[in-house]
Amino acid sequence: MAELLAQPRWVEAAQALIGGCVDLGPRQDGAVALMEAVCTGLGDQLYPAFLRVLAEVNQRGEYAARAAVAQTLVQALSQGRLPSGSRAAWGAWQPGAQRRSLGPIEYLCLAAWPQRGQADLSPEQFQTLAGAVMELLDCDAEARRLYADHLAAVADDPLDGTMPREVRAGLRALAHSWRGQPDASQACRTFVDSLARAPR
């Protein structure tokens, strides 16, 4: 099993991902395959590290580089190959519980939900990380629109038992806010506020 380095080289990883997406061509199959291979190589345990790399791309990359990564992400989404992490369906914590694959933003939304009284991400951590990934997608208007539509579809899927209704409601509100305007921070606050109002 892969292990995270004691001092991960986030900047180098971000530069490598940008380089691959730019050199292979955004929206091209080679760039999608590269992103898919990076995520698969990390595995479920280190999927949050992949999200951290995306956040690093957003923080340090020039606009054109960030747009190339955003376009690669949305191409992966359109092909059903969105880099995903696996989490147990909500309420199922026993060994061998059914697991579902979730893309970057919906994965973070579920991580912000307090299962058994404690969330994997605090509201502040969620806003920082999800906001960075969404700002990255904001670099391409089509990427933002298509991903927001995807989030709304995930929220409205009654057959998917991955998320409790409170997270679905928050995800739906986030998607609606983000689709309306490219303001990742506001959309993240909408989600956090929705969770805060949800009955426990």
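Read-outs: derived from the displayed coordinates by stated rules, not from any lab. Since the model is a prediction, treat every value here as computed from it, not as a measurement. Here Cβ is always computed from backbone atoms with ideal geometry, including for glycine, and neighbour counts include all displayed protein chains.
Figure the gain on full extension for residue 149 and residue 122 (residue separation times 0.36 nm, minus the Cα-Cα span) and round it to one decimal in nm.
7.2 nm
If I model a spin label at residue 10 and residue 44 as a point 7 Å from the Cα along the Cα→Cβ vector, what separation in nanometres do I get?
Modelled inter-label distance: 2.6 nm.
Could I have the simple spin-label model distance between residue 186 and residue 141, label points 7 Å from Cα toward Cβ, reported in nm to one decimal?
Here the modelled spin labels are 1.7 nm apart.
Using a/c under 1.5 as the rounded threshold, could you call the stretch 105-182 rounded, prolate or oblate? The axes a ≥ b ≥ c are square roots of the C-alpha gyration tensor eigenvalues, and prolate needs a/b larger than b/c, oblate otherwise.
oblate
How charged is the neighbourhood of residue 134? Take every other residue with its Cβ under 10 Å from the Cβ of residue 134, and add Lys/Arg as +1 and Asp/Glu as -1.
Here the charged neighbours net out to -2.
Dipole magnitude of the stretch 10-197 about its Cα centre, charges +1 at Lys/Arg Cβ and -1 at Asp/Glu Cβ only, in debye to the nearest 20?
Values: 17 positive and 21 negative charges, 94 e Å.
Roughly 460 debye for the stretch 10-197.
Kindly express, to the nearest 10 degrees and within the range 0 to 90, the angle between helix 47-60's C-alpha long axis and the longest C-alpha principal axis of the chain.
60 degrees
Do the sum for the chain: with -39,500 (n - 2.57) for every DSSP H run of n ≥ 4, divided by all residues, what is the mean residue ellipticity at 222 nm, to the nearest 500 deg cm²/dmol?
Calculated from helices alone, the mean residue ellipticity at 222 nm is -20500 deg cm²/dmol.
Can you tell me which of 55-66, 100-111 comes out highest on packing, and rank the rest after it, using the mean Cβ neighbours within 10 Å?
Packing order, densest peptide first, comes out as 100-111, 55-66.
Using only Cα atoms, find the angle between the long axis of helix 123-137 and the longest principal axis of the chain, and express it within 0 to 90 degrees, rounded to the nearest 10.
Taking Cα atoms only, the helix is inclined about 40 degrees.
Could you tell me the relative contact order of the stretch 10-197? Use alpha-carbon pairs under 8 Å, at least six residues apart, and round to a whole percent.
20 percent
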